[in-house]
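The values are calculated or read from the model by the stated rules, or taken from the named source; none is laboratory data. Everything quoted here is computed from the prediction, not taken from an experiment. Cβ sites come from the backbone with ideal geometry, for glycine too, and all protein chains shown count toward neighbours.
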Amino acid sequence: MTLTPEPVGAAAAAPPGEADLASGPTPTTRASRAWVTKFTLAYLGINIVWAGPAQVLMSPQVERLTTAAPWGFFSDTKETNLALIGFITGVFAMISTPLWGALSDRTSTRWGRRTPWMAVGLVIVTIAMIGAGLSQTLPALLLSWVAFQVAINAVISPLSATVPDHVPTEQRGLVSGWYGFAYTFAVVTGTALGTIATAVWAGALGITMGYVICALACVVAMTPFLLDRWERRGDAPARPTLAPFRWADLRACYWVDVRRYPDFGWAWLTRFIVTLSSATALFYLYYYLQDGVGLVRDDAASGAQGGLRVSDGVLVLTAVYALSVFLTVVVAGIVSDKLGRRRVFVASSAVFVSTATLLMAFVPTFSVTVVAAIILGLGTGVFTSVDFALVTEVLPAAESNGKDIGIINLAIALPNVLSPVVAAFMVNSFGGYTGLYLLSGALSILGGVLVYRIKGVR
């Protein structure tokens with residue numbers, strides 16, 4: 001199972017104090033503020049590009065395209081079609097996530113081993129998002145999202161692997177906090193960009209422009225990190241090389257021996273359960289606000305009904321949620337570094353998340369949903385500030401950081417495959433939105449309990 005890429009060498013023109021960080025498997029020198037800033041911007045950008053479409057563009061787009069004659073295996077219900085697209089693209093995400101990480105482990109170029117994959121992935125992501133915005137049928141939208149989902153993992157897996165490559169253990173809580181900050185701010189920014197686009201341009205044009213603007217924002221935010229010289233090598237071959245990749249290596253991309261590395265297994269399971277809790281709760285948020293809370297459909301806002309549009313409601317909730325995350329996400333990471341503890345933060349976040357989902361389950365009003373968003377944000381900030389740091393401390397081997405981070409990220413990809421199915425079943429057949437949010441709360445508590453099975457991290 002062991003991958004054997006060439007080790008990353010010292011940067012050819014790295015700033016003072018940076019070269020040793022890129023040269024060995026166990027970084028000891030703190031990452032500079034400039035590097036952390038560029039990393040944060042890059043993670044912000046790659047999350048903006050999906051956040052806007054996923055939060056406020058794709059749901060009305062699917063609803064509009066569903067009104068036409070169904071194509072192939074698509075149905076005449078918007079919920080089923082959205083779940084179908086989410087499931088299929090999630091399968092492709094699950095397959096591609098560890099593969100890109102493993103390929104970057106085995107790559108050697110003068111630009112480093114992670115940067116080339118991120119650059120190529122970014123180009124394809126941009127094209128795929130513009131294609132999704134221009135889609136006029138459900139099959140075309142599905143194909144664009146499949147291409148996007150495969151390509152975005154060519155960015156995210158290598159980008160995530162740069163942290164254990166480059167950041168010492170005692171600084172990872174801080175970097176994890178900014179990682180969580182970037183993710184949350186990206187959700188706010190992407191949602192705002194999508195909402196503004198649909199307000200400025202009416203109908204299908206607003207959706208298309210929302211996709212385009214989010215894609216351009218991603219390119220702008222990621223470019224400084226891609227142009228940074230921290231990973232570039234002076235001893236790299238003249239031509240890019242990729243270590244031999246056999247069928248056995250391909251199988252190894254999806255496997256870690258959890259009997260040998262039990263902490264890795266428990267960290268994976270904890271992240272999987274907590275992510276499934278979040279993914280099932282948020283998958284139908286747009287429809288929950290429209291059909292459960294009773295906000296006004298976007299296409300009816302200018303008519304006789306008036307009132308708060310669904311997309312405006314999503315933006316308000318996202319902003320409130322984000323502000324709450326910002327209160328805890330960086331601070332909790334710093335405190336976690338100082339205390340040398342990770343597990344208690346994960347467990348405490350579960351209590352916040354379950355409280356929020358209970359409110360949404362039993363009191364489906366917009367004002368209570370805002371309160372739930374505040375509580376959820378506080379808990380999510382604590383979780384995201386620590387979880388990524390915890391994960392980087394249970395990776396089996398430094399030479400396979402990309403592959404192992406990819407496997408850990410399956411704990412995010414797999415819930416996104418399952419959440420459309422689980423959410424559709426709960427809403428349509430098992431308690432509606434009340435049952436959906438009760439399940440979400442129970443999963444969160446379970447994740448908070450299981451984190452204590454990790455023994456190698458306090």
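Residues checked against (1) modelled with pLDDT of 90 or more; (2) buried (at least 24 other Cβ atoms within 10 Å of the Cβ); (3) closer than 30 Å to Val310 by Cβ:
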position: Phe383; (1), (2), (3): no, yes, yes
position: Val391; (1), (2), (3): no, yes, no
position: Ser400; (1), (2), (3): no, yes, no
position: Lys403; (1), (2), (3): no, yes, no
position: Asn428; (1), (2), (3): no, no, yes
position: Gly435; (1), (2), (3): yes, no, yes
position: Tyr452; (1), (2), (3): yes, no, no
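Looking at the range 103-121, is at least one residue of a type in the set (A, V, I, L, M, F, W, C), part of a helix (DSSP H, G or I), in contact with a Phe, Trp or Tyr (Cβ under 9 Å, 6 or more places away or on another chain) and more than 20 Å from Trp230 (Cα to Cα)?
The answer is no; no qualifying residue exists.
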Which pairs do you get when a residue that is part of a helix (DSSP H, G or I), found in the range 404-430, comes within reach of a residue that is modelled with pLDDT under 85 and acidic (Asp, Glu), reach meaning Cβ atoms under 8 angstrom, with the pair 6+ apart or on two chains?
Ala424/Glu79; Val427/Glu79; Asn428/Glu79
Test each condition in (1) within 27 Å of Leu289 (Cα to Cα); (2) free of Cβ contacts under 8 Å to residues at least 40 places away in the same chain; (3) of a type in the set (Gly, Ala, Ser); (4) in a helix (DSSP H, G or I) for Gly133 and report the one that comes out false.
(2)
Considering each of Ala411, Ala356 in turn, give the residue that is over 18 Å from the mean Cα position of the chain (by Cα), closer than 30 Å to Gly292 by Cβ and modelled with pLDDT of 80 or more.
Ala356
From (1) surrounded by 19 or more Cβ atoms within 10 Å (Cβ to Cβ); (2) at pLDDT 85 or above; (3) in contact with an Asp or Glu (Cβ under 9 Å, 6 or more places away or on another chain), pick out the condition that doesn't hold for Pro5.
(2)
Here are the criteria: (1) surrounded by fewer than 23 Cβ atoms within 10 Å (Cβ to Cβ); (2) within 27 Å of Val56 (Cα to Cα); (3) within 19 Å of the chain's Cα centre (by Cα). Tell me which single one Ile152 does not satisfy.
(1)
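Are any residues in the range 431-442 within 23 Å of Gly294 (Cβ to Cβ) and part of a helix (DSSP H, G or I), and if so, which ones?
Gly432, Tyr433, Thr434, Gly435, Leu436, Tyr437, Leu438, Leu439, Ser440, Gly441
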Going through the range 311-336 one residue at a time, which ones are within 30 Å of Ala202 (Cβ to Cβ), of a type in the set (A, V, I, L, M), touching a residue at least 60 places away in the same chain (Cβ under 8 Å) and buried (at least 19 other Cβ atoms within 10 Å of the Cβ)?
Val314, Leu315, Ala322
Candidates Val36, Val125, Val120 - the one that is of a type outside the set (D, E, K, R), under 27 Å from Ala202 (Cα atoms) and out of contact with any His (no Cβ under 6 Å at 6 or more places or on another chain)
Val125
